[in-house]
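Here's the structure we're looking at; comments come further down.
The values are calculated or read from the model by the stated rules, or taken from the named source; none is laboratory data. Treat the numbers as computed from the prediction; the structure is a model and nothing was measured. Glycine gets a Cβ as well: all are built from the backbone with ideal geometry, and neighbour counts include every protein chain shown.
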Amino acid sequence: MAKGVKILERKFCDIEKRLSGFIAFVDTFVEDDKEVLSFKLSQFDRLNAKYESVKGEIFTSLSDGEFQNFDGKITTCNEHIEKLEVRLKSLNLKYSKNNNETGSNAVSNVIKPCFRLPELSLPQFNGDIETWFIFKEQFKEIIENCGLNDKQKLQYLQSCLIGIAKHVQTVDDTYDSLFLALEQRFENKRLIINKHINALLMLKYEKFRGDSNVELRNLVDTCTKHLRALKLLKIEHNTFSELLLIQLVMQVLDTETKRLFEMTLESTDIPKWDDFLAFLNKRCLFLENLPSAGTKGKQNFKDSPRHKSFILHTDANVDKKCKLCSLNHDLYNCDKFKNMPVRERYNIVKSLNLCLKCLKPNHKVSQCRSKHICFCKKNHNQLLHFVNVKNQEMQNCESSQPDTRRQDDVIEPICFQNSSIKNNQNKTDRNSFNFPSAQSNIVQGQVSGVNMSISASQKHKNDIILSTCIIYVENSVGEKVPLRVLADSGSQVSLLRSSTADFLNLRKLKTDMSVSGLGGSNVNIKSKIKGVISNGSGSYKRVVDFHVVPKITNMIPVNSFDISHIVFPSNVHLADPTFNTSNSIDALLSADIFFDILKDGADDITTAKEMQRQLIGLMKEGCFHLYKWSANSEELLKDVPTENKEFLFNENDELVKTLGLSWRPREVTFMYQMNLQEVPVTITKRTV
């Protein structure tokens, strides 16, 4: 107990000394001390709280005899604290009132806002090293001046990190260690400076229209942004750099703007960058005040006005609901309508008194202004095309109608694609796939002077399932974006839709190549990107060169179809779970990737037999029958009929030739021959 009394005496002695300091401050207070008055007041509040805590310990832990030593001291301290609190608050109120009166006298007619301004949000950092220094300055200026503790600073810093910056790890879970890790990762000053300088040097390759205030304003903003960033990095521009920068920008400007700038120069002295920037800003204002090109019209006031009567028609109140399912879409976009046989489609259109060409009401084919016609060049919609059936009524309607086409209505054409799965109408299987109708398979291509269409016969229908899959591509900030792609074993290059490339925001590389397609049609490609693709689990990853094209193909499949009756094995994971749903294609994978992502072999007999059983079941559901079985294990061929085997195992196994390769049945290696031309240098590596 004596030890506890000693501790309380020391605490109380410290409080008395600090109270004496406050008393001396108040007694000797002068007007120059008003700057620290609020700080002293906050210190006094903390001292008062500490005093109350020590006083509580004295009241609860000491005996009556021990308490007698503190009784007089407590009374004295209470009196000092009350007097100090009154004097400090009086001084603070006095000088704060004087400051308010001074401010109100200096600024007249100022109305205090009666609304609450929104709170400012903290800056965010996504891992872009070009914005690191700006984020660092703004964040430290806000956070480190708020009196927060280390844990609070750490939480605020973590909340401001997004993208790849969010995954930066540290050994210690502290604010200083995380900020140090970010500095070591992203504070590459030399690289950042090089990026800003290269961006300024690339200005000469920009295409610029002299009469466009938007493009000129973007040019000025780009220069200002990079110069401000260099200034934050302590890179100041001098006379030489200003002259060099002016020459770079002058190469981009049009002749008229250059001429006007030269007219502003009054001597042969070297122009300054600030003067040049001021001229460009004035030029922007001048172009903004000019009337737009669309409002410039030539009027001949000498001629008398010619009066013309006309009728203005608007479709604002036209019912846009589908006539078949009452949903908010046109009939030609209705899945229910598309999945019907052509005969039923035609009967519905006739019963609803719709146009046979655009499938819209209130007019006939002769009055239709749609520019779209069927691929057979007849004046009806492609959804109403009969294959190998001549509809006399439709032909009579078409033969008497003139071709009055205009770019008013846009009708989406139906395009059925080709397939590798064939169903024979004479052979039906209740477990077979129920694919959409392919009564009109069309392969569309733009070939000069040639109109091509391929129609499937009614005897054998080609139902389509193309190899689609879902892959993940890393965008500019390292996030994985899912894309629906088409794996094409007949393509030599990988393609990416331009809208998808813009969404990924990856750097585009310049290229110049031509891709030929159906009928020899060529598509010129001017850019490509490098993308990192992977599967959902991340076990497969590869860098792919995607060539950017405006469009790859139409919707795949053309029509959605039901697969609820198909039972897939529990251990089978579909590469594209939505393969039966009509949707767009974001990218196309070339042949080398197609064969790279095919299913690998098995490591043991048990796994191989399970794969064989699943393969036979899936092929049977698709009406495929597999022949010419080959394997390097007799166990796998036990259940295969003899007539379906490529070879028979025997004691004197001979070489078996398959697809041009020779191999022995009981071995796992292929043998082949190749001739290499003699070359004068030593061969160090070759690819077969």
Notebook entry, point to check: If you check TYR156 against the conditions, is it among the aromatic types (Phe, Trp, Tyr) and within 30 Å of LEU285 (Cβ to Cβ)?
Noted result: no
Notebook entry, point to check: Filtering the stretch 606-632 down to residues that are polar (S, T, N, Q) and modelled with pLDDT of 75 or more, which residue is surrounded by the most Cβ atoms within 10 Å (Cβ to Cβ)?
Noted result: GLN612
Check: Limited to the stretch 506-551, what total is found for residues that are loosely packed, with under 12 Cβ neighbours inside 10 Å, outside any strand (DSSP E or B) and in contact (Cβ under 8 Å) with a residue 12 or more places away in the chain?
Finding: 3
Next item on the list: Inspect all residues belonging to the stretch 245-252 and state whether any of them is of a type in the set (S, T, N, Q), modelled with pLDDT of 80 or more, in contact with a Lys or Arg (Cβ under 6 Å, 6 or more places away or on another chain) and not in a loop (DSSP other than H, G, I, E, B).
Entry: yes
Next item on the list: Would you point out the residue of the stretch 246-262, among those that are of a type in the set (Val, Ile, Thr) and buried (at least 16 other Cβ atoms within 10 Å of the Cβ), that is farthest from PHE279 (Cα to Cα)?
Entry: VAL252
Note to self: When the residues of the stretch 362-377 are narrowed to those that are within 19 Å of ILE348 (Cβ to Cβ) and buried (at least 16 other Cβ atoms within 10 Å of the Cβ), which ends up modelled with the highest pLDDT?
What the structure shows: CYS368
Margin query: If a residue must be acidic (Asp, Glu), closer than 24 Å to GLY163 by Cβ and in contact with a strand residue (DSSP E or B) (Cβ under 9 Å, 6 or more places away or on another chain), how many such residues does the stretch 469-501 contain?
Written below: 1
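Yes/no per residue for (1) of a type in the set (A, V, I, L, M); (2) touching a strand residue (DSSP E or B) at 6+ places or on another chain (Cβ under 9 Å); (3) modelled with pLDDT of 85 or more:
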position: ILE552; (1), (2), (3): yes, yes, yes
position: PRO557; (1), (2), (3): no, yes, yes
position: ASP562; (1), (2), (3): no, no, no
position: VAL572; (1), (2), (3): yes, no, no
position: THR581; (1), (2), (3): no, no, yes
position: LEU588; (1), (2), (3): yes, yes, yes
Check: TYR346 is checked against (1) surrounded by 11 or more Cβ atoms within 10 Å (Cβ to Cβ); (2) modelled with pLDDT under 80 and fails just one. What number does that condition carry?
Finding: (2)
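Scanning for something over 30 Å from ASN339 (Cα atoms), of a type outside the set (Ser, Thr, Tyr) and modelled with pLDDT under 80, does the stretch 539-547 turn up at least one residue?
no
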Note to self: Quick check on the stretch 568-576. Is at least one of its residues under 22 Å from the mean Cα position of the chain (by Cα) and in a strand (DSSP E or B)?
What the structure shows: no
Margin query: Being loosely packed, with under 15 Cβ neighbours inside 10 Å and within 22 Å of GLY536 (Cβ to Cβ) is the filter here; which residues of the stretch 482-502 pass it?
Written below: PRO482
Next item on the list: Any chance you could count how many residues in the stretch 155-204 are part of a loop (DSSP other than H, G, I, E, B) and either closer than 18 Å to ILE134 by Cβ or of a type outside the set (S, T, N, Q) (or both)?
Entry: 8
Margin query: Among the residues of the stretch 24-31, are any out of contact with any Phe, Trp or Tyr (no Cβ under 9 Å at 6 or more places or on another chain), under 28 Å from TYR95 (Cα atoms) and small (Gly, Ala, Ser)?
Written below: yes
Check: Which one is nearest to THR224 (Cα to Cα), of the residues in the stretch 189-203 that are under 26 Å from the mean Cα position of the chain (by Cα) and touching a residue at least 40 places away in the same chain (Cβ under 8 Å)?
Finding: HIS196
Notebook entry, point to check: Using beta carbons and a limit of 8 Å, which pairs, at least six apart or on different chains, have the first residue in the stretch 357-385 and in contact (Cβ under 8 Å) with a residue 12 or more places away in the chain and on the phi > 0 side of the Ramachandran plot and the second one part of a loop (DSSP other than H, G, I, E, B) and surrounded by 17 or more Cβ atoms within 10 Å (Cβ to Cβ)?
Noted result: LEU359/ASP330; LEU359/ASN381; LEU359/ILE411
Margin query: Any residue at all in the stretch 31-45 that's more than 60 Å from the chain's Cα centre (by Cα) and at pLDDT below 80?
Written below: yes
Note to self: One residue is enough: does the stretch 224-233 have a residue meeting the conditions out of contact with any helix residue (DSSP H, G or I) (no Cβ under 6 Å at 6 or more places or on another chain), of a type outside the set (D, E, K, R) and surrounded by 16 or more Cβ atoms within 10 Å (Cβ to Cβ)?
What the structure shows: yes
Next item on the list: Would you mind finding the one in ARG185, ARG217, ARG190 that is exposed (fewer than 14 other Cβ atoms within 10 Å of the Cβ) and among the basic types (Lys, Arg)?
Entry: ARG190
Next item on the list: Take GLU52 and decide whether it is of a type in the set (Asp, Glu) and surrounded by fewer than 14 Cβ atoms within 10 Å (Cβ to Cβ).
Entry: yes
Next item on the list: Exactly one condition in (1) at pLDDT below 85; (2) surrounded by 16 or more Cβ atoms within 10 Å (Cβ to Cβ); (3) more than 25 Å from PHE286 (Cα to Cα) is not met by LEU203; state its number.
Entry: (3)
Notebook entry, point to check: Of the residues that make up the stretch 444-461, is at least one hydrophobic (A, V, I, L, M, F, W, C) and modelled with pLDDT of 85 or more?
Noted result: no
Item checked: Checking VAL473 against (1) at pLDDT 50 or above; (2) in contact with a Gly (Cβ under 7 Å, 6 or more places away or on another chain); (3) surrounded by fewer than 17 Cβ atoms within 10 Å (Cβ to Cβ), the condition it does not meet -> (3)
Note to self: Among (1) touching a residue at least 40 places away in the same chain (Cβ under 8 Å); (2) assigned to a strand (DSSP E or B), there is one condition SER489 misses while meeting the rest; what is its number?
What the structure shows: (2)
